[in-house]
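*Asks:* Okay, handing you the structure first.
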Amino acid sequence: MTKPLIYKADLGIYCEAGDFYIDPHRPVARAVVTHGHADHARAGHGAVLATRETLDIMKIRYGENFAGATQAIKGAIRVGDVNVSLRPAGHVLGSAQVVIEKGGRRDVISGDYSRVANPACAPFEPVPCDLFVTEATFALPVFRHPDPVNEINRFLASVRRFPERPHIIGAYALGKAQRVIMLLRQAGYDAPIYIHGALQALCDYHIAQGIPLGDLRPATMDKAQARELREAVLIAPPSAFGAAWVQRFADPVISFASGWMQIRAHARRRGVELPLVISDHVDWPDVTRTIEEIDPEEFWITHGREEALMRWAALTQRRAQPLHLMGYEEEPE
């Protein structure tokens with residue numbers, strides 16, 4: 001077995017031969033970024049290499065000068081003494097796995113990823129490799145996410161059952177909000193969907209990339225709109241649930257789309273009446289299936305529930321190592 005091309009450093013995963021970090025948690029001279037969520041894509045780096053979509057999303061979130069220089073990776077490029085390419089991760093628009101190659105060795109850092117179909121992004125692509133680096137957000141046998149189509153059908157059943165109440169779905173601004181909207185449209189819901197202002201820019205960007213979201217309207221409670229919002233479907237970031245914004249609505253049905261909604265205590269703590277178990281991460285069957293498909297010589301675990309995955313590795317006689325990286329969350333706002 002040849003030596004890995006990456007290792008865990010103080011600021012995250014580092015490739016010495018290419019002199020770059022992958023998703024570093026503080027500013028560095030050169031970063032390769034897997035996707036646009038705030039815990040992976042931070043401002044202030046000297047240079048950022050990513051997909052064109054991720055670079056666009058970082059610009060939306062942090063402004064034009066979020067990095068000293070940017071480079072969209074398309075195909076394989078040379079960075080220092082290694083070749084770097086990106087492959088789809090199936091997580092959110094622009095999300096990618098980082099493939100690093102040198103001298104016949106290939107290491108793959110998956111970032112956050114999902115195996116469930118998501119029309120907002122290309123599906124996860126298994127890449128044969130010597131070392132696979134995986135997340136473990138939902139890597140416990142108890143996490144088996146249901147079909148998101150069924151979750152949305154439960155939500156629409158509530159809309160039909162309580163037509164006099166507004167239905168508000170909590171969904172993170174990048175990825176989850178757009179996915180929930182698309183699931184509603186695919187289920188035949190063609191009425192206007194009202195969105196919180198914090199979602200507007202990223203929804204506009206998805207539409208500009210050719211992703212249809214239907215009739216979206218701002219959820220501003222002026223006198224003219226107050227009546228129609230009383231019976232509407234609205235989407236807002238979870239932070240809005242604790243703000244004055246949500247108090248404008250009389251007797252709303254509070255919903256929340258997240259993989260954590262499988263745990264009833266999480267739903268109760270957030271005051272969620274209608275939890276929707278919809279995640280953009282691999283659950284237990286999918287993380288173990290992915291490792292079995294790729295069958296690397298070794299896999300590393302960046303963050304999440306690594307204990308059960310380490311136990312599974314021992315039982316299946318696979319080499320594994322937890323990295324205990326800090327600062328990564330399920331779906332940061």
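*Asks:* By average Cβ neighbour count within 10 Å, what is the ranking of 280-292, 84-96 from highest down?
*Replies:* 84-96, 280-292
*Asks:* If you don't mind, there's one more thing I want to ask. Based on a Kirkwood Rh over C-alpha pairs, give the Stokes-Einstein translational diffusion coefficient of the stretch 1-154 at 25 °C and viscosity 0.890 mPa s in µm²/s.
*Replies:* For these conditions, the coefficient is 152 µm²/s.
*Asks:* Right, here's the next one. Rounded to whole Hz and in sequence order, give me ³J(HN,Hα) for the stretch 306-311 from the Karplus expression 6.51 cos²θ - 1.76 cosθ + 1.60, θ = phi - 60°, writing x for Gly and Pro.
*Replies:* Going residue by residue, I get 7, 4, 5, 5, 5, 5 Hz, with x marking Gly and Pro.
*Asks:* How many angstrom separate the Cα center of the stretch 84-153 from the Cα center of the stretch 196-223?
*Replies:* 27
*Asks:* Please compute the modelled spin-label separation between A198 and Q317, points set 7 Å along Cα→Cβ, answer in nm with one decimal.
*Replies:* Placing both labels 7 Å along Cα→Cβ, they lie 5.0 nm apart.
*Asks:* Just the number please: accessible area per residue for the chain, 1.4 Å probe, all protein chains included, in Å².
*Replies:* Dividing the accessible area of the chain by its residue count gives 42 Å².
*Asks:* What figure, in Å² to the nearest 10, do you get for the accessible area of E307 with a 1.4 Å probe and non-protein molecules left out?
*Replies:* 120
*Asks:* Just the accessible area for H206, please: 1.4 Å probe, Å², rounded to the nearest 10?
*Replies:* 0
*Asks:* Next question. Give me the percent of accessible area attributable to carbon and sulfur for the chain, probe 1.4 angstrom. Kindly include the intermediate steps, with their values, before the conclusion.
*Replies:* Numbers: 6990 of 14130 Å².
Reported share for carbon and sulfur atoms: 50 percent.
*Asks:* Considering only I77, I195, I235, give the residue with the highest GNM mean-square fluctuation for the chain, with springs between Cα atoms whenever their separation is below 10 Å.
*Replies:* Fluctuation is largest for I77.
*Asks:* Would you list H40, H196 from the most to the least accessible area, probe 1.4 Å?
*Replies:* Numbers: H40 5, H196 40 Å².
From most accessible down to least: H196, H40.
*Asks:* Oh, and also: DSSP beta bridges in the chain, what fraction antiparallel, as a percent rounded to 5? It would help to have the intermediate numbers written out before the result.
*Replies:* On the way: 20 of 59 bridges.
That works out to approximately 35 percent antiparallel.
*Asks:* As a check on your grasp of the helix formula, calculate [θ] at 222 nm for the chain: sum -39500 (n - 2.57) over DSSP H runs of n ≥ 4, divide by the residue count, round to the nearest 500.
*Replies:* -7000 deg cm²/dmol
*Asks:* Give the ranking of L140, L276 by solvent-accessible surface, highest area first, calculated with a 1.4 Å probe.
*Replies:* L140, L276
*Asks:* Where does helix 52-62 land angle-wise versus the long Cα axis of the chain, in degrees 0 to 90, nearest 10?
*Replies:* For helix 52-62, the angle is close to 60 degrees.
*Asks:* Separate question: How do M182, M326 rank by accessible surface area computed with a 1.4 Å probe, from largest to smallest?
*Replies:* M326, M182
*Asks:* Please report, in Å, the Rg and the Dmax of the chain, where both are computed over Cα atoms only.
*Replies:* Rg then Dmax for the chain, in Å: 20.5, 68.
*Asks:* Ok, one more. Can you tell me the FRET efficiency between A250 and I211 if r is taken as the Cβ-Cβ distance and R0 is 35 Å, rounded to the nearest 0.05?
*Replies:* 0.60
*Asks:* What do you get for the angle between helix 284-294 and the principal long axis of the chain? Use alpha-carbon atoms, 0 to 90 degrees, nearest ten.
*Replies:* On a 0 to 90 degree scale, this one is about 30.
*Asks:* How far is it, in nm, from the label point at D10 to the one at R264 when both lie 7 Å from their Cα along the line to the Cβ?
*Replies:* Using points 7 Å along Cα→Cβ, the separation is 4.7 nm.
The values are calculated or read from the model by the stated rules, or taken from the named source; none is laboratory data. In this text the structure is predicted, and so the values were computed from the model without any measurement. So basically every Cβ, Gly included, is an ideal-geometry build from the backbone, and we count neighbours across all protein chains shown. With ligands, DNA and RNA removed, areas are computed over all heavy atoms of the protein, side chains included. Shrake-Rupley method; radii C 1.70, N 1.55, O 1.52, S 1.80 Å.
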